[in-house]
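The values are calculated or read from the model by the stated rules, or taken from the named source; none is laboratory data. Only a predicted model underlies this, so the values are computations on that prediction, with no experimental measurement involved. When we count neighbours, we look across all protein chains shown, and the Cβ atoms used for this are built from the backbone with ideal geometry, even at glycine. We work out accessible area using only protein heavy atoms, side chains counted, and drop any ligands, DNA or RNA first. Shrake-Rupley method; radii C 1.70, N 1.55, O 1.52, S 1.80 Å.
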Amino acid sequence: MKTIIEPFKIKSVEPINFNTKEARINILKEAFYNPFLIHSDDVLIDLLTDSGTNAMSSNQWAGIMRGDESYAGSPSFFRFKDAIQDITGMPEVIPTHQGRAAEKILFSILGGKGKYFVSNTLFDTTRANIELTGSAGVDFLCEEGKHPTIPAPFKGNMDVAAFKKFIIEKGTGNIPLCIITITNNSGGGQPVSMQNIKEVKQVCVEYNIPLFIDACRFAENSYFIKIREKGFADKTVKEIAQEIFSYADGCTMSAKKDAFANIGGFLALHNSALTLECRNLLVITEGFPTYGGLAGRDLEAIAIGLVEVLDEHYLQYRITSIEYLTNKMINAGVPVMQPAGGHAVYIDAKQFLPHIPVDQYPGQALIGALYIEGGVRGVEIGSLMFGKYDAEKKLIPSQMELVRLAIPRRVYTQSHIDYVAEVIIKVFNKRCEIKGLKIIEEAQILRHFTAKLQQIDL
């Protein structure tokens, strides 16, 4: 059939609080033009993130009731461990309260001054945890990924030639890890091909550099490989995921994405010596190795979610629904990342608002306009999130100025998405009225979460 229906029935509902445009103008001003500082009750459609905002299934809720809260050796942990090992093939599994905790543990051990962690594109918390150790995070995104509105099947790929050149320049001993993010969140939710993963692995083997997968959206990436990469159409998504992980020495994951959970994450590895160091740090910072900062009920929910996310009917619906909104934007002339990503629609704010220079944060300005117009909350992925300052305090802008509208899993219906499209198009048609912003207060690390901004008069 042409119509792709939601592969689930709604069993419980949550009301949306409606407010007026006039009220939202004041709310945004009081929040200093930062969507993270807006109360969620004041948001109509919340697309700030797909992390921990998913709707859990009836099976997951049943698993929560079954969750065993024993401090050590809970059967919930062993079901959690088995589910991860089945997909990744990695013998060592360390639970954490969320993905950034896994990153913190890993980079605290491997990082340090003078070291470089390389990636296709690091996301915000990954980069922050790397930089906190004194190391540098370096991105090698493929050329296709740098052009938002020009379609290509695997725009999340890593530039293998640039990676190899960097190794030769900096020396193998200064690069403790290579990380491939699937899908490439900062790069527009774009997938990475199996061929690219294999090529990166070959370089890593040649120079004795461990390869890790940032696996937050591994199932969505696997489905893209199935439908876009030659030779994988007849393989199951689970088989494709297992092959991806077979090339890796370890992985981190926020289970708040492709495991449908509201909290949780893990670190999985092959290296027993590194695992011992990670577990020692886990006990100090997170908890005992069989719960790692999580309740037993959360371990159960994650284990069940990791099975449910591999359902190809769900993944077809998921990818198609993102494509549906993307195509609506394309048809209206709105500059968006093409082709559609796996978990979000990404608007090219630089093209959307050409009258706003990058040092006035066009992505953040667009976020505010969408909220005022229709109560839609998104997030900027551009120079507010990733920009740096040079020695003279001048902004070094991000490579792209994007606005991400992340769609929570199993939460919104097609009518909600149609409403979002209507809001975006309405803002696009009067985009010349949108004003730039300046920062009046910011933190040194992950400033976008708490920064305060002020509107600049045209």
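Being at pLDDT 95 or above, of a type in the set (Val, Ile, Thr), open to solvent by 20 Å² or more (accessible area, probe 1.4 Å) and farther than 25 Å from residue 380 by Cβ is true for just one of 205, 200. Which residue is that?
On the way: 200 fails: open to solvent by 20 Å² or more (accessible area, probe 1.4 Å).
Answer to the selection: 205.
In segment 327-345, what residues are part of a helix (DSSP H, G or I) and open to solvent by 20 Å² or more (accessible area, probe 1.4 Å)? Show your work before the answer.
So the first thing to find is which residues in segment 327-345 are part of a helix (DSSP H, G or I), and the list is 327-331.
Listed by number, the residues that qualify are 327, 328, 330, 331.
If residue 324 meets every condition in (1) more than 20 Å from residue 215 (Cβ to Cβ); (2) outside the structural domain of residue 103 (by TED's automatic domain parsing); (3) crowded, with 18+ Cβ neighbours inside 10 Å; (4) not β-branched (Val, Ile, Thr) apart from one, which number is that one?
(3)
Is at least one residue of segment 175-192 open to solvent by 30 Å² or more (accessible area, probe 1.4 Å), of a type outside the set (Gly, Ala, Ser) and farther than 24 Å from residue 349 by Cβ? Spell out the reasoning first.
Kept after step one, since they are open to solvent by 30 Å² or more (accessible area, probe 1.4 Å), are these residues of segment 175-192: none.
The answer is no, given that none of the residues of segment 175-192 is open to solvent by 30 Å² or more (accessible area, probe 1.4 Å), of a type outside the set (Gly, Ala, Ser) and farther than 24 Å from residue 349 by Cβ.
Check 433, 441 and return the single one that is touching a strand residue (DSSP E or B) at 6+ places or on another chain (Cβ under 8 Å) and closer than 24 Å to residue 37 by Cα.
441
Residue 14 - would you say it is surrounded by fewer than 16 Cβ atoms within 10 Å (Cβ to Cβ) and closer than 20 Å to residue 364 by Cα?
In short, no.
When only residues in segment 216-231 that are assigned to a loop (DSSP other than H, G, I, E, B) and on the phi < 0 side of the Ramachandran plot count, which is surrounded by the fewest Cβ atoms within 10 Å (Cβ to Cβ)?
Of the residues in segment 216-231, the ones assigned to a loop (DSSP other than H, G, I, E, B) are 216-217, 229-231.
Of the ones still in play, those that are also on the phi < 0 side of the Ramachandran plot are 216-217, 229-230.
Details: 216: 28, 217: 27, 229: 18, 230: 8.
Result: 230.
Which condition does residue 295 not pass, out of (1) aliphatic (A, V, I, L, M); (2) more than 22 Å from residue 223 (Cβ to Cβ); (3) crowded, with 21+ Cβ neighbours inside 10 Å; (4) in contact with an Asp or Glu (Cβ under 9 Å, 6 or more places away or on another chain), if it passes all the others?
Going through the list (1) aliphatic (A, V, I, L, M); (2) more than 22 Å from residue 223 (Cβ to Cβ); (3) crowded, with 21+ Cβ neighbours inside 10 Å; (4) in contact with an Asp or Glu (Cβ under 9 Å, 6 or more places away or on another chain), residue 295 breaks only (3).
Please specify each residue of segment 271-289 satisfying the condition of being part of a loop (DSSP other than H, G, I, E, B) and either over 20 Å from residue 69 (Cα atoms) or among the small types (Gly, Ala, Ser) (or both).
Within segment 271-289, 271, 287 qualify.
Failed condition for residue 432, given (1) without any contact (Cβ under 8 Å) to a residue 24 or more places away in the chain; (2) open to solvent by 60 Å² or more (accessible area, probe 1.4 Å), with all others met?
The single condition residue 432 does not satisfy is (1).
Residue 245 - would you say it is over 18 Å from residue 141 (Cβ atoms), in contact (Cβ under 8 Å) with a residue 12 or more places away in the chain, open to solvent by less than 10 Å² (accessible area, probe 1.4 Å) and not in a loop (DSSP other than H, G, I, E, B)?
yes
Search segment 1-13 for residues that are in contact (Cβ under 8 Å) with a residue 60 or more places away in the chain and pair each with any residue that is in a loop (DSSP other than H, G, I, E, B) and among the basic types (Lys, Arg) when their beta-carbon atoms are under 8 Å apart and the residues are at least 6 apart or on different chains.
Within 8 Å, the pairs are 6/410; 8/410.
Among the residues of segment 121-138, write down those that are buried (at least 22 other Cβ atoms within 10 Å of the Cβ) and at pLDDT 90 or above.
Those that are buried (at least 22 other Cβ atoms within 10 Å of the Cβ) and at pLDDT 90 or above: 121, 122, 126, 127, 129, 130, 135.
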